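Notes to accompany the following structure.
The values are calculated or read from the model by the stated rules, or taken from the named source; none is laboratory data. In this text, all values refer to a predicted model and were calculated from it rather than measured experimentally. Cβ: placed from backbone, ideal geometry, glycine included. Neighbour counts: every protein chain shown. For accessibility, only protein heavy atoms count, side chains too; no ligands or nucleic acids. Shrake-Rupley method; radii C 1.70, N 1.55, O 1.52, S 1.80 Å.
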Amino acid sequence: IMKNISFFPLLALLLCIAGCSQTAKQNSEGFKVYQVDLDEKVNPFKKVFAKAEIIPLETTDSSLIVWMNRVIPKGEKIFIHDGWTHKLFVYTKEGKFQHQVSRYGKGANEYISLYDCVMDEENDDIYMLSIFGRIKKFSKDGICKQNMELPPRPHYYSMELLGDKYAALWSCLEPEEGGVLVIDRFTGDTIVSDWHDDRMFDNQCHKPFHCYDDKVFFGTALRRQIYEVTTSGLVPAYLWDFGKDNIRDGQLEYYLNIETSGERNNKVIDDIGTEFLPSYMHSNFQNSQYAYVSLRLERGMRPALTHVFYDKSSGKPFVFDMLDGENCKMNNPLYFGEDYLLTDVLYENRETYKSILPESEYKKLEAILEDDNPCLLKLYFKK
């Protein structure tokens, strides 16, 4: 739906709509506007979370984790994709290492460059996405059941399963090409090619999808509109409105007028965290209670995040930078479910979590050594 449509008249209309709404009301375009004042901070353990737990991940020579890219709880198991080593590990729900799913290589039951992975909830099949344009489907025991070549593209970054037949795929491309593909995940046929935006705006976000209520949603770093991905294209679902902290009118058009992509990219990066580009959206999630977005205020591997939980029933947003209101940082969610979320805890920050953890849980962190795997932080939502 985005091809040959100018973003800027649409964006102006959306801003106008957002300015007229005090709560998340259905507007004439059929989607909701979530209005948030980022200055109104809360203590999340009084408003959002009920309790916190630690899951230490067993460290062995066969299970060394560098960077957790995706976490998938499934029954008594937790599947963890390491985005640095391109491995998929299986742990018990208590953090005991079980095994690795398949191996790196070119053999029948091996894979190359595992950039993302998703699980089919119906039959426990695991779909592994290569950045180079291939999907391999494995059983949870590591047996390859399908090897599919994707339409030729420079790269593939992210995927989600769409219904029982399709998959949504993300590539950060030039406006002439569709960044979002919907394919038949059994034949590889392209069903939809959508999203035509400037690549320099999109390359801040390599994980633009999230799932909720058996639907797939899509949102990028500098566009506050969130879309539902369908087999007919992208359909507006809801819009974030941060008031005075929105990107100023005309700013993205100003970047587009910079002649070369390299200069445009450098200017966008330089402006992050300034009055011109106050923040960009890092991740979006949903459950029946909340719409969530994390906002990055600066560049870097692990910059500070502002977290927004928008209560869908009351229309009230809960905004915080720190879990205890002081110095306990919450990293980006790696899993966002109906009852809890999961994120990681790094060794160098472990002492800051003492303020939010029961003594028995904090002792798990105290036992962690510097060379051990990171831990998972399990935060239960207040109901």
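Tabulated results
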read-out: Full-extension gain in nm, residue 275 to residue 256, via 0.36 nm per residue minus C-alpha separation; value: 5.0 nm
read-out: Reachable aspartates and glutamates from residue 363, criterion Cα separation under 18 angstrom, eight or more residues apart if same chain; value: 53, 58, 94, 344, 348, 351, 371, 372
read-out: Rg to Rh quotient for region 55-110, alpha carbon positions, Kirkwood Rh; value: 0.96
read-out: GNM result for the chain, Cα springs below 10 Å: residue of 105, 179, 75 fluctuating most strongly; value: 75
read-out: Ellipsoid semi-axes in whole angstrom, largest first, where each is sqrt(5λ) of the Cα gyration tensor of region 96-183; value: 24, 15, 11
read-out: Projected label distance in nm at residue 314 and residue 190, using a 7 Å step from Cα toward the beta-carbon; value: 4.7
read-out: Debye log10 I(q)/I(0) for region 169-269, one point scatterer per Cα, at q = 0.17, 0.19, 0.22 Å⁻¹; value: -0.85, -1.01, -1.25
read-out: Per residue solvent-accessible surface (Å²) - the chain, probe of 1.4 Å; value: 45
read-out: Rounded percent of accessible protein surface that carbon and sulfur make up, region 187-232, 1.4 Å probe; value: 40
read-out: Rounded percent of accessible protein surface that carbon and sulfur make up, region 288-383, 1.4 Å probe; value: 46
read-out: Alpha-carbon centroids, region 352-370 and region 291-347: separation in whole Å; value: 20
read-out: Cα-based radius of gyration of region 313-383 once divided by 2.2 N^0.38 Å, which approximates compact folds; value: 1.19
read-out: Stokes-Einstein D in µm²/s, Kirkwood radius over Cα pairs - the chain at 4 °C with 1.567 mPa s viscosity; value: 59
read-out: Spatially proximal aspartates and glutamates relative to residue 316 (Cα-Cα < 15 Å; intrachain offsets below 8 disregarded); value: 37, 39, 40, 241
read-out: Interchain or long-range residues, amide H under 5 Å from residue 34's placed H; value: 239, 240, 241
read-out: Amide proton proximity set for residue 192, modelled H, under 5 Å, gap of 5+; value: 182
read-out: In order through region 104-110: 3J(HN,Hα) via Karplus (6.51 cos²θ - 1.76 cosθ + 1.60), integer Hz, x for Gly, Pro; value: 6, x, 10, x, 4, 10, 10
read-out: Of 32/140; 87/312; 96/382; 74/312; 93/329, pairs whose Cα-Cα distance is over 31 Å; value: 32/140; 87/312
read-out: Sorted peptide list for 243-250, 62-69, 111-118, criterion being average Cβ within 10 angstrom, highest first; value: 111-118, 62-69, 243-250
